[in-house]
Structure formats: structure tokens, C-alpha cells
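Remarks on the structure that follows.
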Amino acid sequence: MGILASGRYRGQLDGGQTMILRCERNAAGGGLMRISGDVVEPDGAISSFVSDPPGTAGFPAEGADGFLRFSAETVSRTGANAFRVTLDLLPGEAGRVDVRLVHPFAALNGSLSFVDTLFRSLVLRVDVWPGVVPREPVDDSSEAGRQIVSALAAAGIAAAIETGVAPDPTATPRRIEFRDLHAWLRDLQPPPLGDGDFFVSMLLGSSLAGGTGKHTQGMMYETFGERARQGVAVFLDHAAFATPNDEVWRRELVFSVLHEIGHALNLPHAWLAEPPGPSALSWMTYPDRYPGGTDPFWTAFEPGCFGETELPYLRHAYHCDIAPGQSHFDERAWPSFVRGGGSDRTSGRRASAADLAIAPLKPHYALGEPIFLRAEIRNTGARRLSFVDALDPSDGWLDVAVTTPDGSRRSFVPPARLCQTPRRRRLEPDAHKAFDGILLSFSQDGPLFEEPGLYRVEARFEGLQAGPLLAATEIRILYPTREEELFARALFADAALCRAIWLRHPLSEKQAWADMMDKHAHLLPTDAGNTTSAYLHYVAAQGWLKPHRDSVDGRDCGTNRRKAKAHLQAVVPTHLPAGVGRLRALLVR
């Protein structure tokens, strides 16, 4: 008999399930650190378990013959099959382990075989945007690819890089819209994967469209209700890649790719969850946040790693929390050893000499009406204030949480998480900076304001060196008319419509949009205080102002300013973001 080796095991249980077992031992002395695993049902459903940590009463005690017994809670994506199980593990010859799993309904037995010394497997597919030609490819044969695979192996993840859409140097590169990312991810066909394995698709692009696009070095993108954390992008027109030094260019590329893969595995930025904050040495930080700046960071960071509290998460987190395609970013809170996107960031000390204020653009809304939030920073001190100009939650510096009328609390998670070069600005005393375009209606996992009543909204801004700023406000959703109720329920039930509105492009979901307009939107009562109709016309106008691919027949369509202008003529911009009024004034004279 032997002891359970560090690494992963795989085998079958007599109930038809596949079991993946992960055992981690201390590299120095071989002591047991943690055991975790997944049980994959014949229908593909996965339940996970993690042993209690060392030093606790529930930590597995290892017998002289290598026998281990411990209990653990099982966790799954849907919450089904959540119960406490007992596991008996008895190592055998030739790397095999006999396992007995006892849960309230049955006892399952099986035999597992040693796979390798790592803990997870990940396939990274790399697509290149038309017209973009990377200085060096990202594949298994390139130096950049080898560094990425090596860094993931150091974290316990066996990675393989799959080449997708190849560079097309004949195409004219253009900036990438969110709707492009949505179409790319929607059409994605993941390769066949082993039970419990991960898949992430990466797009090497030019730059992101929009006012903050040139500052965005990478991002994770999700689509509403599906493809959770499966798509990431790195933008090679960012200033970080404008270097003649090939080694520096490769360093930036490898760092960006690993940073975005970390987000795809549900890790937050290191300064939010990894002690010691900005001084953390991790792929999940920003080098410019390191004390002394980027040069000291790169000197200290060589050869690169994930942080000390990130590693247990990457190796042992529940499948539903870490696996791309499972829970959305920031959807769940986990035990402290597996801190990921679910860390609580709405409490903390208040920074001095500045105030954060948030408020809806109107005091009350109809059910289903687009809800916008305004955020403002004001310098209340006597000296000039430096801050990060990033009040859009997609930028990653402003976190928002909503408490519903029944008391439940939900994080607002935008479909895109941008990783940007901080745009530092200065505020003179008593000056302020505001942004009024936060569309709060839809979080990544669905609508936030689904019932009438009073909602509390809290925000936390991390863009000041002195510490976070906190603010809160309230939003009331009125009881609806019959027509408003029908419209709202149709909208809330259709993720495609939520996507179209967030993307500001109805033609990305042409059929769903047409059905909504024909069946429900035109029946909304004429009410000067309800901005729903005006905003839908604005969204339609935005759709005609950008080239797009027809979501029904796949045709590439051009712009149509005449149709856009017709929609804007129907827009009354009162109680809508300032950008709506600016666009109307520009095209409707």
C-alpha cells in the first residue's frame, strides 16, 4: 500500500458516475494540504466537494496505510444534490485508489487511477481579429504560448492551446464593438472536453470601440444567460504593446492573457482579494499599482505567479464557481480559502477629502423601464485630488450592489469586465466628475428590478489611493398597468432582448426585437414620465448607425442614417443619459 500522491485521479463509480479527485501535498515535506473532487453524473451534472483546511477538526486524518476518511458538503451549479458526504480513500498499487462515497441515499464504490501531478485541465482557443497580425503567434510552438502553458502549470492547470481563426493580413482592421464580441462568442463551438475540463476562447483584437477603448488592454466578456466567463480578449493596439522590444512585447502579451484567463476562472483583481493589496505579486494585479510603479513590479515579479490565496482557489474551488460556462462572475460568495469574484467589496473604510454620490436619473420608474444611475466624485478637500476616471462599472473600479424589496442582495455584474490602463485625472477643490450612463436594469445573470417596491443601491469606488468611497441611494419601482406588466414580463423572460438593449443594437437579436415591438412595446401607455419608448427608439437608432451582421440571415449590413434619424426624432431625452440628447441634437436639426 502507499500514500495518496499529489495530483489528480480519475475513475468510475458503480453508479455510472465519473469521479475526479484532487490531492495536494506540501512540496517541502509532503504533508497533506487539501483534497477536493468532482462527481460527474451520467447526464453531465457535476457536484463538487472540498475537504476542510489543515488545522480544523474536519481535516482528513491519514492512517499509516494511507487510508483517509473525511466529510464534506457537495456543491453544484443548480443547488441540486447538495448534501454532506463521507469519503473513504485507500491508496493501492500502481497509482490506484479505492474510493467509497457515502451520501444520504446510497453508497458508491469505485477505483481511481492517477492522471498526473496537476489538478485541472484547460483548453485555450485563440482567434485573431481580421486585419490584426500579432508580432508573435500564441500557440503551443511559440515562446509566448510556452510561457502561458508553463505559468498555468505552475498553478496546477494543464493547458493546451488550440489555434482558431488565423490572422488575415489582407483585411482592414477596425475597432471592435461589444456587439462584435457578442456575435463572436454566440457562434463559438467549444471542442469536445473531458469531464470537468475547462474551455476559454480568446480573441486577439485591435482596440475596443468607445471613449475608453484605447485604454483597454484586455477584457472578459459574457453574454446574458449563457457563455458565462468563456470569452476573453486582448487588444494589441494598446499603448503597452507599442514597444520595439520583442521581449517586452511578449511579456505584456503573456501577462494580459494570463490576467484575462484568471478572470475567466472567476478570480477578481488581486488588490480586492489578495493580501497585501496593491503590493500583491500576481497575474491578477495591475503592474502600475505596485508601490514604486511598473519597473519595481517587473523586477519583483519575475518569473510570475498567481497569489498565495489564489492558488488554493484555482486548484480546489467548486466546479460551478471556477469552470467557464458555469456561474457568472461575482455570482456567489465562497469560503475564504477559495476567494474569487464573490468577495464582498461594499464595505470598508472611507477615503478622506472626497465624496461619492449616486442617484437614479429619476426618483421612480415603471416596471420594465430602463433604469439609469448617475455616479459623481467631488473633491471636498483643500488640495487637488488625483483619481481614476472610471465611473462605469464595466471599467472595474466601481462596484454596485442592489438590495431588493424582499431583502435579498444581488451584485450588479456588467457583461463586460475591462482591464484598462488607469486614466488618472485631477480634481480641483470643490470640483466634481460625474457619469450618468450606468444602465442598471440588467445584470449578467438577468434583470435586477423585477418586482414593484423600494430598492436600495450601494456603490463602492476604488479609484483613490486614500481608500474606497462608499455611497447609497434608493430606487422605487411603481406598480404597473396591464400593458406595462405584459411588456416587462416579456422583456425579463427573454435574454436576447436584454442583450439587444445592453448592446444598444436591436439588429443583433432581430427576431426577438421585432416580436417585442409588434406584441408589446406599441401598447405601452403614452406617459411623459415613462422613458421606455424613447430609449427603445434611441437603441434602434444606434443599431442603424453601426455596420452589423443580420442575426437572422447572417448578411453583413451597412449603416442607414435616414432610419437612425427617424428613430431619434421620436426620442424625448428627458430623464435619460446626456449622451442620448447629444446624439439627437447631432442628427436631428
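What translational D, rounded to a whole number of µm²/s, comes out for segment 1-131 from Stokes-Einstein when the hydrodynamic radius is the Kirkwood one over Cα pairs, at 20 °C and 1.002 mPa s?
Working: Rh = 15.6 Å.
Approximately 137 µm²/s, per Stokes-Einstein.
In straight Cα distance, which lysines are under 28 Å from residue 433, not counting same-chain residues fewer than 8 positions off?
Straight-distance partners of residue 433: 214, 362.
What percent does the relative contact order of the chain come to when contacts are Cα pairs within less than 8 Å and at least six residues apart?
Relative CO of the chain lands at 9 percent.
Please grab the % of Cα pairs in segment 107-223 that end up more than 24 Å from each other.
Considering segment 107-223, 37 percent of its Cα-Cα pairs are separated by more than 24 Å.
Given a 1.4 Å probe and the protein chains all in place, what does the accessible area of residue 440 round to, in Å² to the nearest 10?
Accessible area of residue 440: about 0 Å².
So how much accessible area does residue 371 have, in Å² to the nearest 10, using a 1.4 Å probe?
Taking all protein chains as shown, residue 371 has close to 0 Å².
Starting from the residue with the highest accessible area, list 243, 170, 117 in decreasing order, probe 1.4 Å.
Working: 243 25, 170 125, 117 90 Å².
Of 243, 170, 117, the descending order of accessible area is 170, 117, 243.
Per DSSP H run of at least 4 residues, take -39500 (n - 2.57); add these up for the chain, divide by its residues and hand me the 222 nm value, nearest 500 deg cm²/dmol. Kindly include the intermediate steps, with their values, before the conclusion.
Values: 13 runs with 125 residues, N = 589.
So the helix-based figure for the chain works out to -6000 deg cm²/dmol.
Take 201, 113 and sort them by solvent-accessible surface of the protein heavy atoms, 1.4 Å probe, largest at the top.
113, 201
If you roll a 1.4 Å probe over segment 467-542 with all protein chains in place, what percent of the accessible area is carbon or sulfur?
In segment 467-542, the share of accessible area belonging to carbon and sulfur is 52 percent.
Tell me, what is the per residue accessible area of the chain in Å², probe radius 1.4 Å?
Accessible surface, normalised per residue, equals 41 Å².
Sort 9, 318 by heavy-atom solvent-accessible area, probe 1.4 angstrom, most to least.
Putting 9, 318 in descending order of accessible area: 318, 9.
Keeping all protein chains in position, work out how much accessible area residue 517 exposes to a 1.4 Å probe, and write it in Å² to the nearest 10.
Here the residue's solvent-accessible area equals roughly 60 Å².
Once Rh for the chain is found with the Kirkwood sum over Cα pairs, what is the Stokes-Einstein diffusion coefficient at 25 °C and 0.890 mPa s, in µm²/s?
Numbers: Rh = 25.8 Å.
Answer, rounded: 95 µm²/s.
Determine the share of segment 135-238's accessible area contributed by carbon and sulfur atoms, expressed in whole percent, with a 1.4 angstrom probe.
52 percent
So which lysines can residue 565 reach, going by Cα to Cα under 17 Å and dropping same-chain residues fewer than 8 places off?
546
Could you grab the relative contact order for segment 453-531? Cα pairs under 8 Å, six or more apart, rounded to a whole percent.
With pairs under 8 Å counted, the relative contact order is 23 percent.
The values are calculated or read from the model by the stated rules, or taken from the named source; none is laboratory data. Remember, predicted model here, so these are calculated numbers, not experimental data. Surface areas here come from the heavy atoms of the whole protein model, side chains and all, with no ligands, DNA or RNA. Shrake-Rupley method; radii C 1.70, N 1.55, O 1.52, S 1.80 Å.
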